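> Structure in structure tokens, see below.
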There are 2 protein chains.
Amino acid sequence: MQLAGLDAASLKTVRVSVVDQLYATLRGAIIDNDLSPGARISETEIAQHYGVSRQPVREAFIKLANEGLLEIRPQRGTFVAKISRPAVMDARFVREAVEADIVKLLAQAPEPALIADLRDQLVRQRQIIGGSARDFMEADEAFHHTLAAGAGKENAWRVIVEMKAQMDRVRFLSSMHFSVARLVDQHTQLVDAIAAGDAVGAEQAIRFHLRGILQDLPIIEQEHPEYFR
Amino acid sequence: MQLAGLDAASLKTVRVSVVDQLYATLRGAIIDNDLSPGARISETEIAQHYGVSRQPVREAFIKLANEGLLEIRPQRGTFVAKISRPAVMDARFVREAVEADIVKLLAQAPEPALIADLRDQLVRQRQIIGGSARDFMEADEAFHHTLAAGAGKENAWRVIVEMKAQMDRVRFLSSMHFSVARLVDQHTQLVDAIAAGDAVGAEQAIRFHLRGILQDLPIIEQEHPEYFR
DNA sequence: TCTTGCATACTACCATACAAGTCAAGAGAG
DNA sequence: CTCTCTTGACTTGTATGGTAGTATGCAAGA
């Protein structure tokens, strides 16, 4: 069965399972805070809402629970996982470690084609300044993905995506706080260091950049204590 | 509700879901190469073997597929994932990056209690020399877990466990090759560096250690090409 | 006022049935 | 013999029913 409203691209020969559609939809809703931390969602409710049976909903729930985005409490209910400060900080820790090694690799052997691609993205990022937070977060994801792909670490990117989900939930809540211009400046410094073959500088740049993303976490926690564990 | 003084292990009444049991069993079988890469396993077959229905088997399959240990091909069949050299190398890359940052943290503020614990484990590891590969791999896992826990990164450890699974599959195949004594020596050098507060030395030690683990990968691939993608 | 027992209405877990896609063996035509 | 098509025995995907565990409200009793 097909989900209504989600199937623009599915007219192609690609059949995407109901589970995957539900997974993507719910994941986005959680990260965007359409489903708030602590909110209760039941298999039955979601199944009826999308006109599918409970089983694919359940399987999508399991996937999301594995990512730490849902908490399934047997015989009690399923809830959007509350934000855990240690979990978010550890996610950042892992992401920082991995991306630091990635940019070190890139800086040790800078490829002109990659640098050009990155600089091109920087231009577009500057055009977003003043625009929507969501547009920037998409561009930001593309930028970091380019770094990983450029280092030939597509598989490692999968790990980063998982860590990013935890961080982005917080980040979305702080969309009123963060300065896009400042983040683009940090991206620029990073690319400059890579282009110059400055591994140490690149590592410092990415670590500083990633640590800054969550600097508003204490503020968020104070503003929305009900979203935290 | 849990009664005071009665922990989970002391109660036979603790119900662990069928899914989790299947997941743990199958995961162990895959890593230990009891289920070889490329082998076909069907939901029905496993369900009948364990006397359960297809549904929990299916859900355990999904979990294992998310970890990259199974490959589910819709309407075709489910197979034990063949070992992908890029995937294994990326898993090592991620693990190395994370553990490097962990030991740097530890070395920057070495705690005597933790050092004592680690040295205690080193003694037991030396007693295993000449023993079974499986015993050492258990002790090795405990050692690395202690490092992560000592740095207060329990959540990060979950990522390491996932990366380890990919590496351990290869490692098990090379159990005839690797020298336990050499690995324990590397562990010892690492602990010495941490105890001395030598962050640079600790980082070098863990990176060297983790890179050595997979040094036999080309040999394994030559001996068992059918296990590789 | 506070506790206790129980009916009730949920929940997720598991079993079973059906649907739909894949693939290979084999019949039949050329 | 070679090619094409059909058939049917697989596979996973989805739907639905039944079961046991859990929270909750309320009435009876201390």
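The values are calculated or read from the model by the stated rules, or taken from the named source; none is laboratory data. Small disclaimer: the values here were computed from a predicted structure and weren't measured. Reconstructed Cβ throughout: ideal geometry from the backbone, glycine too, with neighbour counts over all protein chains shown. Areas reflect the complete protein model, heavy atoms only, side chains present, ligands, DNA and RNA absent. Shrake-Rupley method; radii C 1.70, N 1.55, O 1.52, S 1.80 Å.
> How much accessible area is lost when chains B and A come together, counting both sides, with a 1.4 Å probe, in Å² rounded to the nearest 100?
Approximately 2200 Å² gets buried when B meets A.
> Probe 1.4 Å, all protein chains in place: accessible area of residue A:90 in Å², nearest 10?
The value for residue A:90 is about 10 Å².
> Would you mind pulling out the separation of the Cα centroids of the range A:22-95 and the range B:186-229, in Å?
Computed from Cα coordinates, the inter-centre distance equals 37 Å.
> For residue A:223, what accessible surface area do you get with a 1.4 Å probe? Give it in Å², rounded to 10.
Near enough 90 Å² of accessible area.
> Longer than 21 Å from Cα to Cα, which of A:164/B:82; A:104/A:153; A:63/A:153 are they? Say none if no pair is.
A:164/B:82; A:63/A:153
> Rounded, prolate or oblate, given the Cα gyration tensor of chain B, with a/c below 1.5 counting as rounded?
oblate
> So how tilted is helix B:154-173 from the main axis of chain B? Cα-based, degrees 0 to 90, rounded to 10.
70
> What number, in percent, do you get for the relative contact order of chain A if the mean sequence gap of Cα pairs under 8 Å and at least 6 apart is divided by its residue count?
So the answer I get is 26 percent.
> Moving on to the next point. Which shape class applies to the protein assembly as shown: rounded if a/c is under 1.5, otherwise prolate when a/b exceeds b/c and oblate if not, where a ≥ b ≥ c are the square roots of the Cα gyration tensor eigenvalues?
rounded
> Provide B:163, A:89 ordered by accessible surface of protein heavy atoms (probe 1.4 Å), highest first.
Largest accessible area first, the list is A:89, B:163.
> Amide H to amide H, which residues 5 or more places from residue B:39 or on other chains are under 5 Å from it, using H placed in the peptide plane?
Answer set, sorted by chain and number: B:80.
> Just by accessible area at a 1.4 angstrom probe, what is the order of A:78, A:44, A:25 from largest to smallest?
The most accessible residue leads, giving A:44, A:25, A:78.
> Right, something else. Which value results for Rg/Rh of the range A:127-229 when Rg is the Cα radius of gyration and Rh the Kirkwood radius based on the inverse mean 1/r?
Here Rg/Rh amounts to 0.98.
> Using the 7 Å Cα-to-Cβ label point, sort the distances from residue A:53 to its equivalents in the other copies shortest first and give them in nm to one decimal.
1.0
> Using only protein heavy atoms and a 1.4 Å probe, report how much of residue B:120 is accessible, in Å² to the nearest 10.
Accessible area of residue B:120: about 90 Å².
> Accessible area drop of at least 40 Å² (1.4 Å probe, protein heavy atoms): which residues of the range A:56-71 qualify, relative to the chain alone?
A:59, A:62, A:63, A:66
> Calculate how steeply helix A:18-31 sits against the longest principal axis of the alpha-carbon atoms of chain A, using the helix alpha-carbon long axis, and give the answer as 0 to 90 degrees to the nearest 10.
Taking the Cα atoms of chain A, the angle to A:18-31 is about 60 degrees.
> Treating the point 7 Å from Cα along Cα-beta-carbon as the label, what are the nm separations from residue B:219 to the other copies, to one decimal?
Those label-point separations list as 5.7 nm.
> Determine the share of the range A:85-223's accessible area contributed by carbon and sulfur atoms, expressed in whole percent, with a 1.4 angstrom probe.
C and S fraction of accessible area: 53 percent.
> Counting only other chains, and only Cβ atoms inside 10 Å, what mean value do you get across the residues of A:97-109?
Mean shielding by partner chains, rounded to a whole number: 3.
> If you keep only loop residues by DSSP, which chymotrypsin sites (Phe, Trp or Tyr not before Pro) in the range B:142-227 have at most 12 other Cβ atoms within 10 Å of their Cβ?
Sparse-neighbourhood loop chymotrypsin sites (Phe, Trp or Tyr not before Pro): none present.
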